[in-house]
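Beneath this line is the structure, given in structure tokens, with notes to follow.
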Amino acid sequence: MGSTNNTRLQILRILKENEGSFVSGADLAKRQSISRPGVWKHINKLKEMGYQIQSQSKLGYRLEGVPDSLAVEEIVPNLKTEWLAHSYHHLATVASTNDYALLLATRAAPHGTLVVAEEQTKGRGRLNREWVSYPSRGIYLSILLRDHLPLHIAPQSTYIGSLALVKVLREELGITASIKWPNDVLINGRKTAGILTETQSDQDSTRFSIMGIGINVNHSREEMAGPFRYPATSIAMELGFAVKRQKVLLKFLCQFEQDYNRFIQKGLSDLIPEIEAHSEILGKIIKVICGDREIIGRAQGLTPEGALLLLGADGSREIIWAGDVTRIEGAV
Ligand code: BT5
């Protein structure tokens, strides 16, 4: 982070520590070893970023409101993680955070680098489908993971994203969310988040993975009307009020780091009981599309590697590694 940004962070920190009271320009200038016009420039930049700051001659500056932005200023000082998001890239707009993270990966960005954008103009889902990313409504992020995983293990990390998000929604916001195998998070049967994990590999193991997650946070009913492959919703639609994206992101990063550490240390099998407990589809009759095949059956469980066990009407059993669940028909 540049020294200009650092000074701005420090000024903001002092204003926050004194929330509700004025801090004089002279005091800020002295503490940051800069001129008073220098302080004024930083204050103006903060105002441009959406901070509400009251300026009064003789009294100085008073912080009166903080924007719901995912900027460095609001996230980095509040991070409680050990390795995740310490390299933090916040963009106003980008084609796709996954593409940007890929670029950083090729430039030696460290494990745990996080890219988050206020808006994506070409956000994508699996098979190059579109991911609708309205400005400043959702959380569009990509995490660079540099563990060298055997090729058959790498796709399993997707579960860590969905499991971590479901836990945060349940524990922090009281929302009953669930995992729709393999990569969606649903609330009340509607899609709230999707995950796209992309990897670059050598012959036997991954060089790195990029896990991209799109979360519908404060989207309106109109914005979520679609048409989408599956009915969509946002956290705000389900709660009936907007939530701070900052809070969701910070909690998610903490939870993701914990669950990812477990995955690396103990393997996915250690997390399977939790993933199953939060599943939307287990025990239900579902239709899965795998390439040009359509399979209907009862979702019985997950293998220790995360594949889906499906029981057909004729008693046959299938193990499915990847596919799209397009219909879910209640428990039987
Ligand atoms: C996914 O694909 O659900 C993975 C989405 C990953 C998006 C993140 S955002 C940050 C990172 N950067 C990227 O460029 N991507 C990742 P899939 O299961 O294929 O679902 C895609 C389908 O979901 C689309 O074809 C639409 O029908 C539907 N869809 C698109 N936008 C949606 C939204 N905001 N909410 C719910 N459904 C949506």
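The values are calculated or read from the model by the stated rules, or taken from the named source; none is laboratory data. These numbers were taken from a predicted model, which means no experiment stands behind them. Neighbour counts run over all protein chains shown; Cβ positions are idealised from the backbone, glycine included.
Taking first residues from the range 225-244 that are near the ligand (Cβ under 7 Å from one of its atoms) and partners that are part of a loop (DSSP other than H, G, I, E, B), the Cβ contacts under 7 Å between residues at least 6 apart in sequence or on separate chains come to Ala232/Asn216; Ala232/Met224; Ala232/Gly226. Examine the range 54-65 for a residue that is on the phi < 0 side of the Ramachandran plot and in a helix (DSSP H, G or I), and state whether such a residue exists. Within the range 54-65, none of the residues are on the phi < 0 side of the Ramachandran plot and in a helix (DSSP H, G or I).
The condition of being loosely packed, with under 14 Cβ neighbours inside 10 Å, more than 19 Å from Gly125 (Cβ to Cβ), modelled with pLDDT of 95 or more and of a type in the set (A, V, I, L, M) holds for only one of Ala277, Ala299, that being Ala277.
Is it the case that Ala277 is among the aliphatic types (A, V, I, L, M), within 16 Å of the ligand (Cβ to nearest atom) and out of contact with any Phe, Trp or Tyr (no Cβ under 7 Å at 6 or more places or on another chain)?
Working: among the aliphatic types (A, V, I, L, M): yes; within 16 Å of the ligand (Cβ to nearest atom): no; out of contact with any Phe, Trp or Tyr (no Cβ under 7 Å at 6 or more places or on another chain): yes.
No; evaluated as a whole, the condition is false for this residue.
Of all residues assigned to the range 72-80, at least one qualifies as being exposed (fewer than 14 other Cβ atoms within 10 Å of the Cβ) and at pLDDT below 95. Tell me which residues, restricted to the range 160-198, are more than 14 Å from the ligand (Cβ to nearest atom) and outside any loop (DSSP other than H, G, I, E, B). Those that are more than 14 Å from the ligand (Cβ to nearest atom) and outside any loop (DSSP other than H, G, I, E, B): Ile160, Leu163, Ala164, Val166, Lys167, Val168, Leu169, Arg170, Glu171, Glu172, Leu173, Ser178. Looking at this structure, is Asn98 within 14 Å of the ligand (Cβ to nearest atom), farther than 18 Å from Glu274 by Cβ and exposed (fewer than 14 other Cβ atoms within 10 Å of the Cβ)? Judged against the criteria, Asn98 is not a match.
Filtering the range 124-159 down to residues that are away from the ligand (no atom under 16 Å from the Cβ) and in a loop (DSSP other than H, G, I, E, B), which residue is nearest to the chain's Cα centre (by Cα)? Among them, the one singled out is Arg146.
From Gly189, Gly138, Gly161, grab the single residue that is in contact (Cβ under 8 Å) with a residue 60 or more places away in the chain and on the phi > 0 side of the Ramachandran plot.
On the way: Gly138 fails: on the phi > 0 side of the Ramachandran plot; Gly161 fails: on the phi > 0 side of the Ramachandran plot.
From the options Gly189, Gly138, Gly161, the qualifying one is Gly189.
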